[in-house]
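For reference, the structure is listed below as structure tokens.
The values are calculated or read from the model by the stated rules, or taken from the named source; none is laboratory data. Just so it is clear, the structure is predicted and the values come from calculations on it, not from any experiment. Don't worry about glycine lacking a Cβ; one is built from the backbone with ideal geometry, like all the others, and counts go over all protein chains shown. We work out accessible area using only protein heavy atoms, side chains counted, and drop any ligands, DNA or RNA first. Shrake-Rupley method; radii C 1.70, N 1.55, O 1.52, S 1.80 Å.
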Amino acid sequence: MRRIKKRLGDMLVEAGLITEAQVEQALAEKEPDEKLGEALLRKGYITESQLIEVLEMQLEIPKVSLYNYPFDEKLFRLIPKDVAKKNHVIPLAREGDKLYIAMADPMDFFLINDLRMSTGFHISPAIATKDEITRAIARYYEYEDFVGEWLEEQNSTTAETPTRIEEDEDSPIIQLVNSILNSAIEQQASDIHLDPQERGVLVRIRIDGKLQDERVLPKEVQGVLLARIKIMANLDITEQRLPQDGRIRILIDVRQVDLRISTLPTIFGEKVVIRVLDMNTSITDITQLGFQESNLKKYLKMIESPHGIVLITGPTGSGKSTTLYASLNKLNEPDVNIISVEDPVEYQLQGINQVQVNSTIGMTFASALRSILRQDPNVIMVGEIRDRETAEIAIRGSLTGHLVLSTLHTNDSIGTLMRLIDMGVEPFLVASSLTGVVAQRLVRRICRNCKTEVEVTEREREIFASRNMTVEKVYRGKGCPICHMSGYRGRVGVTEVLSVTEEMRRALLNNESVSNLYDLAVKQGTIFLVDDGLQKVLDGLTTTEEVLQIASVD
């Protein structure tokens, strides 16, 4: 193969994508083992699609999309998984003595030579994105081998017992479970679903809030697959009639990942949902949560108050816990005593005293809160307010000089005020203790790699006009292999921050209507969910369709 002597930085500058100054800055700030392309991507100077287009044009090496690529899984044996994963390569096809390989860095001639020596084939590289290769490795490597090995064992030996599943680390089922977990974590999935069907087990993962099919496993593996997961989570493998909950902590590439396990009996067997809690991918910086500047200032003022109660509201999966943990991280100083009571403790934070609720022995939110108030706290975080007793203790704690952070399941900020009163909390307690409310949702972010400007529709103009906003241009993702052809990659928060002012306190004490409270919120400049979402459309972060899924225009 002809050696290309032109440097990557020069090629990108010639293509007009970056400046020489940006190249110099990326070279100066890159990590010791980091390549220039990776540094430029990390700093946001270029997108992965732009990088691939330049390499394809300058090196005359074809690019390949791995989305739904028809892999020949027999070729995976030529390149071990650890080699493929470390070097971001995956075999595509074989033609005579030539092996076609997708590579994230086709300029790595040393790697090409090593692959030629180890496989015995002439290597013909193609360009693919690092994310695509990582996803393909996680999804396809070894899945079929483990199932095939286990089925062969069943034909030649007796069925695997729970004891063997627990003790034999080389068991195909153990390796299959590990492969399912690794694949989901590599793809940054938030949940893994194992759905028993009539003729198989459907494996699905949730990425950016959307469930997608991963693979269907044979019905024969259902029992041992479930048994292995139950053993890992210390659940009762003999109980198949009642739901169970458990927890697993595993090590993935020298980082710890927590898994929450939930089982539910269905007509075709037990369904398993695994919530993935990876601190390495969670946001701990409050400025990265998606707050508008004005909303961020209001929220920081709330949580920096020495006392009062601040509530984060929204449905399950709206990012409430992430906001709470980022807030605690902001407040976490050596001279501040922070105690949290949670069910369950999702992330362990250094320097914070975290209490786990255990209702079976009487350790409820309410009972834990009573004890916490005697522990001289400055800040208290209550995982969730579920009943009147917990609400009243949390509110009384805020009235005695503590800052209390908690969550509540309501649709918007004004609804939170009414929800507390409906729970039986006296209006004067709500009015005197509540500092503010943040209603929150998550919307999918437009993929940077395929983001394109599109024409504004008449319906969009009407929607923006109804909120006294004008729209000149909007963006959408046209779909690319990096975002799995969805047009979206990642999520961003949409927030509604309501400060409880003196005027609003008087309205609560006078039992004024919801419409009057809404008018007061408008008067004090509250940015509602739909307005914040539409502003993110104008900023090119998301689409109108995404906003309409989480907020009403009326």
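Within region 207-218, how many residues turn out to be farther than 24 Å from residue 255 by Cβ, surrounded by 17 or more Cβ atoms within 10 Å (Cβ to Cβ) and within 15 Å of the chain's Cα centre (by Cα)?
Counting residues in region 207-218 that are farther than 24 Å from residue 255 by Cβ, surrounded by 17 or more Cβ atoms within 10 Å (Cβ to Cβ) and within 15 Å of the chain's Cα centre (by Cα) gives 0.
Among the charged types (D, E, K, R) and under 25 Å from residue 317 (Cβ atoms): does that describe residue 444?
Yes: the conditions hold for residue 444.
Working carefully through the options 498, 520, 529, find the one that is surrounded by fewer than 23 Cβ atoms within 10 Å (Cβ to Cβ), touching a strand residue (DSSP E or B) at 6+ places or on another chain (Cβ under 9 Å) and of a type outside the set (Lys, Arg).
Matching residue, one of 498, 520, 529: 529.
Which condition breaks for residue 331 when tested against (1) modelled with pLDDT of 90 or more; (2) surrounded by fewer than 17 Cβ atoms within 10 Å (Cβ to Cβ); (3) not basic (Lys, Arg)?
(2)
Can you name every residue in region 208-264 that is of a type in the set (S, T, N, Q) and under 16 Å from residue 193 (Cα atoms)?
212, 222, 244, 262, 263
Looking at (1) in contact (Cβ under 8 Å) with a residue 40 or more places away in the chain; (2) surrounded by 18 or more Cβ atoms within 10 Å (Cβ to Cβ), which is the only condition residue 26 fails?
(1)
Which numbered condition in (1) out of contact with any helix residue (DSSP H, G or I) (no Cβ under 7 Å at 6 or more places or on another chain); (2) assigned to a strand (DSSP E or B) is the only one that residue 226 fails?
Going through (1) out of contact with any helix residue (DSSP H, G or I) (no Cβ under 7 Å at 6 or more places or on another chain); (2) assigned to a strand (DSSP E or B) one by one, residue 226 breaks only (2).
Check off (1) over 23 Å from the mean Cα position of the chain (by Cα); (2) closer than 29 Å to residue 261 by Cα; (3) buried (at least 16 other Cβ atoms within 10 Å of the Cβ) for residue 361 and give me the number that stays unchecked.
(3)
Which of the residues belonging to region 295-320 are among the charged types (D, E, K, R) and either buried (at least 23 other Cβ atoms within 10 Å of the Cβ) or closer than 25 Å to residue 278 by Cβ (or both)?
Within region 295-320, 320 is the sole residue that qualifies.
Before we move on, is residue 419 in a strand (DSSP E or B) and of a type in the set (Lys, Arg)?
It is false that residue 419 is in a strand (DSSP E or B) and of a type in the set (Lys, Arg).
Inspect all residues belonging to region 207-223 and state whether any of them is free of Cβ contacts under 8 Å to residues at least 60 places away in the same chain, among the β-branched types (Val, Ile, Thr), under 22 Å from residue 140 (Cα atoms) and touching an Asp or Glu at 6+ places or on another chain (Cβ under 6 Å).
No: zero hits.
Test of understanding: among 268, 291, which residue is touching a residue at least 40 places away in the same chain (Cβ under 8 Å), surrounded by 15 or more Cβ atoms within 10 Å (Cβ to Cβ) and either touching a Gly at 6+ places or on another chain (Cβ under 7 Å) or under 23 Å from residue 403 (Cβ atoms) (or both)?
Selected residue: 291, the only one of 268, 291 that is touching a residue at least 40 places away in the same chain (Cβ under 8 Å), surrounded by 15 or more Cβ atoms within 10 Å (Cβ to Cβ) and either touching a Gly at 6+ places or on another chain (Cβ under 7 Å) or under 23 Å from residue 403 (Cβ atoms) (or both).
Can you name every residue in region 424-446 that is open to solvent by 20 Å² or more (accessible area, probe 1.4 Å) and part of a helix (DSSP H, G or I)?
Of everything in region 424-446, those that are open to solvent by 20 Å² or more (accessible area, probe 1.4 Å) and part of a helix (DSSP H, G or I) turn out to be 427, 428, 432.
Within region 448-477, which residues are under 30 Å from residue 409 (Cα atoms) and either open to solvent by less than 20 Å² (accessible area, probe 1.4 Å) or in contact with a strand residue (DSSP E or B) (Cβ under 6 Å, 6 or more places away or on another chain) (or both)?
Hits for region 448-477 are 460, 463, 464.
Being more than 29 Å from the chain's Cα centre (by Cα), within 21 Å of residue 439 (Cα to Cα) and crowded, with 21+ Cβ neighbours inside 10 Å narrows it down to one residue among 395, 372, 421, 414; which is it?
395
Per-residue answers, yes or no, for (1) more than 23 Å from residue 141 (Cβ to Cβ); (2) surrounded by fewer than 18 Cβ atoms within 10 Å (Cβ to Cβ); (3) hydrophobic (A, V, I, L, M, F, W, C):
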site: 40; (1), (2), (3): yes, no, yes
site: 46; (1), (2), (3): yes, no, yes
site: 56; (1), (2), (3): yes, yes, no
site: 80; (1), (2), (3): no, yes, no
site: 95; (1), (2), (3): no, yes, no
site: 118; (1), (2), (3): no, yes, no
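Going through region 445-476 one residue at a time, which ones are over 21 Å from residue 531 (Cα atoms) and touching a residue at least 60 places away in the same chain (Cβ under 8 Å)?
448, 449, 450, 451
Could you check region 178-206 and list, in sequence order, the residues that are open to solvent by 10 Å² or more (accessible area, probe 1.4 Å), without any contact (Cβ under 8 Å) to a residue 24 or more places away in the chain and part of a strand (DSSP E or B)?
202, 204, 206
If you go through region 173-229 one residue at a time, how many are farther than 26 Å from residue 346 by Cβ and touching a strand residue (DSSP E or B) at 6+ places or on another chain (Cβ under 9 Å)?
16
Search region 228-241 for residues being farther than 15 Å from residue 271 by Cβ and aliphatic (A, V, I, L, M), and hand back the single one that is surrounded by the fewest Cβ atoms within 10 Å (Cβ to Cβ).
The qualifying residue surrounded by the fewest Cβ atoms within 10 Å (Cβ to Cβ) is 237.
I'd like the full set of residues that are open to solvent by 70 Å² or more (accessible area, probe 1.4 Å) and within 30 Å of residue 349 (Cβ to Cβ), limited to region 242-262.
Across region 242-262, the qualifying residues are 243, 245, 247, 249, 251, 253, 254, 256.
State which residue pairs qualify: first residue without any contact (Cβ under 8 Å) to a residue 60 or more places away in the chain and inside region 373-401, second residue of a type in the set (Ser, Thr, Tyr) in any location, beta carbons under 6 Å apart, and separation of 6 or more residues or different chains.
As it stands, the answer is 381/340; 382/406; 384/407, since those pairs meet every condition given.
Output the residues belonging to region 226-246 that are over 10 Å from residue 262 (Cα atoms) and not hydrophobic (A, V, I, L, M, F, W, C).
Correct list: 228, 234, 236, 238, 239, 240, 241.
Hand me the list of helices (runs of 4 or more DSSP H) wholly inside region 447-552 holding 2 or more residues that are within 28 Å of the chain's Cα centre (by Cα).
Hits in region 447-552: 529-538, 544-550.
I want to confirm something. Restricting to region 235-247 and keeping residues that are among the polar types (S, T, N, Q) and closer than 17 Å to residue 273 by Cβ, which single residue is modelled with the highest pLDDT?
The residue in question is 244.
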